[in-house]
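**Student:** The structure under discussion is supplied below as C-alpha cells; questions concerning it will follow.
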Amino acid sequence: MLKNKRPILITGSHRSGTTWVGKVISESSDIFYLHEPFSPKIDYWYGADNHNTQFDHWFTYINQKNEKNYLPQIKKLLKSDYSFWEELRYTKNFKQFLKDYWRFKKQRRNPKRLLIKDPIALFSAEWLAKRFNFQVVILVRHPAAFASSLKRLDWAFDFNEFLNQKELMKNYLVDFRDEIHEFVSNKRNIVKQACLLWRIFNSIINDYQKKHSDWLFYRYEDIATAPQQKFKEILKKIGLNYTPEIERYILDISGEKNPHDYQASGRFPLLPKLDSRKSINNFRNRLSEKEINLIKKETADIWKLFYDESDWL
C-alpha cells in the first residue's frame, strides 16, 4: 500500500504543458491517471476521462456554496465508480469504452494514487485541496507561447462561460468584469482573446501562490529547459520515485532527437514528441513581431509577476 495516498491535481491554464507533466508523472507504477474529468460532457472527446461527471461550463468554479451540485459525481470519480450504462450511452468509441471500464475496475480492486490532469479545474483547485486534500501542482506558460498555441489550433473562447458563473465573477474575476463584458459584446480575434485569458488565469495563479505555500508552482519553460532535473524534483516533492522507466519516457517524448514543433496539420496528437528545449521558442515562428509586441503590452500587468524582459528577447 502507498504511504502517501493524497490525490494529485495538475492544473494551470490550458496549453501550459499540463498534459506533458501529467503523463510523465503517470509513468509511475503508483499512479492512476485521469485526463480532464472537468471537461463538459457535451464536448466529450477521445482522451477525456469525464466518467460520472457532468459540467455545464468550461472552467467550472466549485466552491462551498455550490458544492452540493457536484459532490456526488466528484466522490464517484474519486472512488473510480464507473457507471457502465451511463458511459455506454455517451461513448463514441466502443473499444475505448471497454478499455476504460476495465481500467476503472482494476483501480477499484487495487487502488493506486489518483492523479487528475485538468486545466479546466483551475478555478476549483482551492475547493479540491480543501475538500479532498489534493496536492496541487500548477503550471505557468509564457503569454506569447500560450497565444501562439491558441492561434495555431484556432481555439476561440466564449467569455459567457465566465459571466454565467456568478460566484466565479464575484469571488475571482471581479477585477476583469468590464473587460469580459466588452469581449462578449464585441468579438475579438484569438490573439486578443488569449491576452485576456492569460491575464485572468495567471492573476488567479498569482493569488494562489500568495495563499498556498504548500502548493507547487512551475514555469513550463523551466521544466522544458531541464526536464530530467525538474521532473526528478517534482516527483520527489509529491512523494514519488524517479525511476529509470520515467527517465526513458522523458527522453523519448522530450529529447533532442524530436522535432521542435508539430509536423502535421489538422487534429493535434494528445501528447506529441517534441524537443522540449527548442519548443520553448515556437511562438517566434508562429506569431508576427506585431502580434508579439501586442501580447507583451496587453499582458504586462501580469507577465512581470512571472517573467522578465529577457524572456521576450
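**Student:** Among the aspartates and glutamates, which fall within straight-line cross-link reach of residue 297, defined as a Cα-Cα distance under 15 Å, with same-chain neighbours fewer than 8 residues apart omitted?
**Tutor:** 289, 308, 309, 311
**Student:** Per the helix-only calculation at 222 nm, which mean residue ellipticity applies to the chain, given -39500 (n - 2.57) for every DSSP H run of n ≥ 4 and division by its residues, nearest 500 deg cm²/dmol? Mind showing how you got there, number by number?
**Tutor:** Details: 17 runs with 149 residues, N = 313.
Helices in the chain give a 222 nm mean residue ellipticity of -13500 deg cm²/dmol.
**Student:** Run the quick spin-label model on residue 178 and residue 153: label points 7 Å from Cα toward the beta carbon, then report their separation in nm to one decimal.
**Tutor:** In this crude label model, residue 178 to residue 153 measures out at 3.2 nm.
**Student:** Something else: Within region 118-157, whose backbone N sits under 20 Å from a point 7 Å along Cα→Cβ of residue 289?
**Tutor:** 144-145, 148
**Student:** For the chain, state what percent of all Cα-Cα pairs lands in each successive 10 Å bin, counting from 0 Å until the bin that includes the largest distance.
**Tutor:** Taking every Cα pair in the chain, the percentages come to 5, 26, 35, 26, 7, 0.
**Student:** Could you grab the relative contact order for region 230-313? Cα pairs under 8 Å, six or more apart, rounded to a whole percent.
**Tutor:** Working: 43 pairs, mean separation 16.2, N = 84.
Rounded, it is 19 percent for region 230-313.
**Student:** Contour minus end-to-end for residue 75 and residue 56, with contour as 0.36 nm per residue of separation and end-to-end as the Cα-Cα distance?
**Tutor:** Numbers: separation 19, 0.36 × 19 = 6.84 nm, distance 1.81 nm.
Taking residue 75 through residue 56 to full extension adds about 5.0 nm, to one decimal.
**Student:** Under 18 Å between alpha carbons, and skipping anything fewer than 8 positions from residue 92 in its own chain: which lysines qualify?
**Tutor:** 41
**Student:** Now a separate question. Expected output is a single nm value to one decimal: the length gained when fully extending between residue 309 and residue 6, i.e. 0.36 nm times separation in residues minus the C-alpha distance. What is it? Spell out each step's value before the answer.
**Tutor:** Numbers: separation 303, 0.36 × 303 = 109.08 nm, distance 3.81 nm.
Full extension of this stretch gives 105.3 nm more.
Values in this text are rule-based calculations from the coordinates and carry no lab data. Note that the coordinates shown come from a computational prediction; the quantities given were computed from them, not determined experimentally. Cβ coordinates were reconstructed from backbone atoms using ideal geometry, including for glycine residues, and neighbour counts include every protein chain displayed.
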